[in-house]
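Data block below; observations after.
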């Protein structure tokens, strides 16, 4: 990837991997690992979902791909179910790129080159070679499972002190289907849950295709935040088919504050097409 593609890659990955905790949770009844049933595990995962109206954070990012290394700072803001906003500053705190994702569209503003991109969600799907929609992105941002997708195809196994949920044929619930893409979209997914906290510690999303694209996310350094535990370090490995590694350290996280999402394209910017 060239430098411009690397910047975009970091912006979107930073957004996809923000974890945050928003409310206290009741303690689940403890059942020995080997005796757990899938309904118990799914209920525990749902009980410990992160529920917020807004989230903002400053994220230090270390990125490596194809011999290229970059250290950048991301500022991320989220409005539940509607907007995801991000700003990237690679040099001396100077903003280079701004991005906005809505339910239907992706907008990217390149401040260095005075250009912008306005396109649909297919841009992200084609870029990462993984099926993505706003609900999936938001769930990854909050460290949640995909609430709008069926759970009846999950299989449960136990690995050390983790529950392992896996499915190779996961579809969106009919009441959440918005278009034909939603009908056709199938998720191949693995989730590893901490058996005590029901927090997601690792997730794998992959595509069965010629490229065999994969996105593996690992959460660690959990800290108590707003009556729940937050993974403050996130490591990502992506194959699409080239390999990329990213490490995120999250700081200055705030929940349910009133946020602005500034995104005004100047008249002298030129539109580019992908």
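Just so it is clear, none of the values below were taken in a lab; they were calculated from the coordinates. Bear in mind the structure is a predicted one, so any value in this text is a computation, not a measurement. Neighbour counts are summed over all protein chains in view; Cβ atoms, including those assigned to glycine, are modelled from backbone coordinates with ideal geometry.
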Prolate/oblate/rounded label for the stretch 85-189 (Cα gyration tensor, a/c 1.5): oblate
Contour excess over end-to-end distance, with Cα ends at residue 258 and residue 271 and 0.36 nm allotted per residue: 1.6 nm
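Fewest first, what order do 263, 188 take by the number of other Cβ atoms within 10 Å?
On the way: 263 14, 188 17.
Listed from fewest to most nearby Cβ atoms, that is 263, 188.
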Packing-based order for 153-165, 52-64, 129-141, using average beta carbon neighbours within 10 Å, highest first: 129-141, 52-64, 153-165
Inter-label distance, nm, simple model (7 Å from Cα along the C-beta direction), residue 118/residue 162: 4.3 nm
